[in-house]
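The values are calculated or read from the model by the stated rules, or taken from the named source; none is laboratory data. None of the values given here were measured: they were computed from a predicted structure. Heads up, the Cβs are rebuilt from the backbone with ideal geometry, glycines too, and the neighbour counts pull from every protein chain shown.
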Amino acid sequence: MATSDPVRVALLGCGTVGGGVVRLLYDNARYLAERIGAPLEIARVLVRDEDKPRAPELDRSVVTTDPEIVLGDDSIDVYVETIGGVDPAREWVERAIEKKCAVVTANKMLLATSGADLVERAAAAGVDLAFEASVGGGIPIIRTLREALASDWVESLSGIVNGTCNFVLSRMREHGESFDAAVKLAQELGYAEVDPELDVGGHDAAHKLVVLAMLAFGARVSIDEVPTEGIRALEPIDHRFAKRFGYVVKHLAIGRDLGDSVELRVHPALVPEDKPLASVSGVLNAIEIEGRALGPALLVGRGAGAMPTAVSVVADLLDVARARRGNAGGLMTRGIQLRRRAVAPLGALRSRYYVRFRVENRPGTLARIAQALGDANVVVEQMVQEEESGVASIVMTTHEAVEADLSRALDAIAAQPFSRGRAALLRIAR
Ligand code: NAP
Ligand code: HSE
């Protein structure tokens, strides 16, 4: 390729993220061309509905709804996949790799279900598969793990990786907004997935944790193995009691290298008010990494939305375009080494817990709860009780306990006649 030949880019999808990519490529065209040594040209754009309004900078003549026109174009250098979901994204990414084109994707669901396989295909084809935008929106977490920490051993990571969940929890806590109103606003702002249940159900964070585990621990795991809880079951009372005990409720993705296995889990947790993650609010994401030699490191930034995500996509575009021009395509992907790792069962977790019981306030109720917890080796640390119309909310925090033991005690308590359902359980972050 002569220095002035443009790098021809095909966008598969041009919605929230794809639209941001178009805008950023337009706004920074000159600067990007200088960094690459050639301009980036949007040569094809595949969408579902040709008549939808798009970024005004987009040349409408390159827009089509026919995948064959886009995937069959042999002049394309890089495919950028921002369609989302597994089908047909997977098939199209595979076709792009087969054609020996570089691929940039923001699709964490695709990576969580097929990432290891796609990495292997790309490495075998000698092309790059770049996915900075798949985790943490505009935060350079993928590059940090793949490049900056390549010399170290990541022992654990813990973070807020779903902007929608963090936004919703922040709105509920700080503005007293309802869950539904906060989710609607997250959708309007372009933070939520097409199906917001992926966000609030914790699945999007689990997808991202699988991607992080690939790079941090070299782990090839199945998404079905990751214990996943969302934020739907949280009630305003949990925010209130968390505050009273000195915590903030956050939705976390946590990973730890245990040697033979990895600990991976996604769930809401009580974060001590004085810890950095506690003050990460709104759409911000934050990921704490513990490197064996490095020690702790923290990355914070906007985790969702058109422009922060476009920053990551276009940074990948720049990298893969430069690598292609320097005949170094595939290098970054060949550096990802994966092996099958077992995921430790959640029952084996040792943690401190927050537990909220709803019970009829009869004589002996508290004694029976204490007895069941004691029988399971669970030691109560703090306890508060509130009562309304004869129904009491008993909220407690525990000392460190084994989750399977606590779970057994909660089952036994739920079977008691005074119980109004199984207790709510939240883990307390370290
Ligand atoms: P979006 O706004 O729904 O955009 C999806 C785009 O793909 C649309 O342009 C849509 O066409 C097109 N598309 C979907 N199915 C298609 C098909 N079968 N054939 C042709 N075109 C199709 O979604 P998004 O928010 O940009 O998200 C895209 C990807 O980025 C997802 O993987 C998401 O998880 C990821 N991501 C999103 C964010 C964020 O903040 N939104 C951040 C990081 C990563 P039409 O426009 O014609 O409907
Ligand atoms: N729906 C995702 C979120 C988009 O809210 O974090 C960014 O990956």
Could you list all residues from the range 340-384 that are in contact with a Lys or Arg (Cβ under 6 Å, 6 or more places away or on another chain) and loosely packed, with under 13 Cβ neighbours inside 10 Å?
Arg340
For the range 74-113 the number of residues that are within 16 Å of ligand 2 (Cβ to nearest atom), part of a helix (DSSP H, G or I) and among the hydrophobic types (A, V, I, L, M, F, W, C) is 5
Some residue of the range 152-173 being without any contact (Cβ under 8 Å) to a residue 12 or more places away in the chain and more than 10 Å from ligand 2 (Cβ to nearest atom):
no
Scanning the range 296-311 residue by residue, those within 13 Å of ligand 2 (Cβ to nearest atom) and small (Gly, Ala, Ser) turn out to be Gly301, Gly303, Ala304, Gly305, Ala306, Ala310
Name the pairs whose Cβ atoms lie under 6 Å apart, with the first residue in the range 94-123 and among the charged types (D, E, K, R), the second in a helix (DSSP H, G or I), and 6 or more positions between them or separate chains?
Arg95/Leu71; Lys100/Ala125; Lys108/Ser134; Lys108/His207; Lys108/Lys208; Lys108/Val211; Arg121/Ile97
Among what's in the range 302-345 and is in contact with a helix residue (DSSP H, G or I) (Cβ under 8 Å, 6 or more places away or on another chain), more than 18 Å from Phe131 (Cβ to Cβ) and among the charged types (D, E, K, R), pick the residue that is farthest from ligand 1 (Cβ to nearest atom).
Arg325
Which one of these is modelled with pLDDT of 95 or more and of a type in the set (Ser, Thr, Tyr): Thr65, Thr3?
Thr65
Restricting to the range 12-63, give me the number of residues that are more than 9 Å from ligand 1 (Cβ to nearest atom), under 16 Å from Thr82 (Cα atoms) and free of Cβ contacts under 8 Å to residues at least 40 places away in the same chain.
4
Select, from Ala253, Ala269, the only residue that is under 24 Å from Glu193 (Cα atoms) and away from ligand 2 (no atom under 12 Å from the Cβ).
Ala269
Going by the structure shown, is Pro88 surrounded by fewer than 17 Cβ atoms within 10 Å (Cβ to Cβ), modelled with pLDDT under 95 and under 29 Å from the mean Cα position of the chain (by Cα)?
no
Are any of the residues in the range 9-16 under 23 Å from Lys99 (Cα atoms) and modelled with pLDDT under 95?
no
Test result for Val248, touching a residue at least 60 places away in the same chain (Cβ under 8 Å), within 16 Å of ligand 1 (Cβ to nearest atom), surrounded by 15 or more Cβ atoms within 10 Å (Cβ to Cβ) and among the β-branched types (Val, Ile, Thr)
no
For the range 347-377, which positions are closer than 23 Å to Arg240 by Cβ and in contact with a helix residue (DSSP H, G or I) (Cβ under 8 Å, 6 or more places away or on another chain)?
Ser351, Tyr353, Tyr354, Val355, Arg356, Phe357, Val359, Ile369, Leu373
Residues being small (Gly, Ala, Ser), under 26 Å from the mean Cα position of the chain (by Cα) and in a helix (DSSP H, G or I): count how many of those fall in the range 7-30.
3
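Each row is one residue, and each column tells you yes or no for (1) in a loop (DSSP other than H, G, I, E, B); (2) at pLDDT below 95; (3) within 18 Å of the chain's Cα centre (by Cα); (4) of a type in the set (A, V, I, L, M).
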| site | (1), (2), (3), (4) |
| --- | --- |
| Met214 | no, no, yes, yes |
| Phe241 | no, no, no, no |
| Leu252 | no, no, yes, yes |
| Glu263 | no, no, yes, no |
| Ala293 | yes, no, no, yes |
| Val300 | no, no, yes, yes |
| Met307 | no, no, yes, yes |
| Asn327 | yes, yes, no, no |
